[in-house]
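Throughout, read-outs are computed from the coordinates displayed, never taken from laboratory work. Just so you know, these numbers come straight off a predicted model, no measurement behind them. Here the Cβ positions follow ideal geometry from the backbone for every residue, glycine too, while neighbour counts run over all protein chains shown.
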């Protein structure tokens, strides 16, 4: 069957060849348990209807540092995944330019190792934490709320999947030519929409960063953390690798933010009112130029 006639033009192979799709899954144990019995009693004690509220027990002490450390690493993994990739679809996939593949995988490898170490620390503490909770929860304690160590270990994991960016022209289906053309066009359209979303994601991140700097520094009395400038430096660094379409305007804006807003140390901006005001003015000017470069949606 000849299906090559009048097929839609394939998606930009520069996107397909310069990026992969990546999906991160992080599984954890919430250490919380809904109690139907206590919920009913609390609602009854207050004369409330049965659906007025839900009572969730905290199964571990609030100062369970090994558990909190484990959950922090899980949060860092999610944050790193989002900061090192671009928006792509609603199904959990994100776009990872190959230019940033090494940085992404290096960070994830380190975080996965940290996660495994923190998990072992937590599992060692777990029996003692359960005993503490036995006394803390008193009559609300239930042995059945606590998995054994083997089952608990299985509730924690970090996993990553990679997939090629879809492209048209690779269908080996026994379908009518018009049907295959429609399928290929849907692939083209979806990739084009998702690529536009990835570009917008980069612009939005840069704009939000500059707006935050302008908001904090334009008020001489506003307190700000070192992360205000550190985050700008990290963002401008990663956006240099995430610019999947080679957007010249985005690169211009990125370099300007790095040179003008990331040039001063936070301590200096706190002590030097003139420098602080200058960076605030630069931020305002960059916001205006970004609007001209990318439109009012930038």
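Working from label points 7 Å from Cα in the Cα-to-Cβ sense, the residue 219 to residue 277 distance is 1.9 nm.
Placing pseudo-labels 7 Å out from each Cα toward the beta carbon at residue 16 and residue 113 gives an inter-label distance of 3.7 nm.
Computed over every Cα-Cα pair of the chain and binned at 5 Å starting from 0, the pair-distance distribution P(r) comes out as 1, 5, 9, 10, 10, 10, 10, 10, 10, 9, 7, 5, 2, 1, 0, 0 percent.
Output the relative contact order of the chain, whole-number percent, from Cα pairs under 8 angstrom with separation of 6+ residues. Before the final figure, lay out each step's value.
Values: 335 pairs, mean separation 71.8, N = 298.
Dividing the mean separation by the residue count of the chain yields 24 percent.
Modelled spin labels at residue 54 and residue 141, positioned 7 Å past Cα toward Cβ, are 2.6 nm from each other. Treating the angle as unsigned and between 0 and 90°, give the value, to the nearest 10°, between the Cα long axis of helix 36-45 and the longest Cα principal axis of the chain. Around 70 degrees separate the two axes. Over the chain, DSSP H runs of length four or greater, each weighted -39,500 (n - 2.57), average out per residue to a 222 nm ellipticity of -20000 deg cm²/dmol. Between the Cα long axis of helix 248-260 and the first principal axis of the chain there is an angle of about 60°, rounded to the nearest 10.
Taking the Kirkwood radius as Rh and the Cα radius of gyration as Rg, the stretch 177-294 has a ratio of Rg/Rh equal to 1.17.
For the stretch 22-163, go through all pairs of different Cα atoms, get the mean of 1/r, take its inverse, and jot down that Kirkwood value in Å. Walk me through the intermediate numbers first.
On the way: mean 1/r = 0.0570 Å⁻¹.
Computed over Cα pairs of the stretch 22-163, the Kirkwood hydrodynamic radius comes out at 17.5 Å.
Dividing the mean sequence gap of close Cα pairs (under 8 Å, 6+ apart) by how many residues the stretch 177-294 holds gives a relative contact order of 33 percent.
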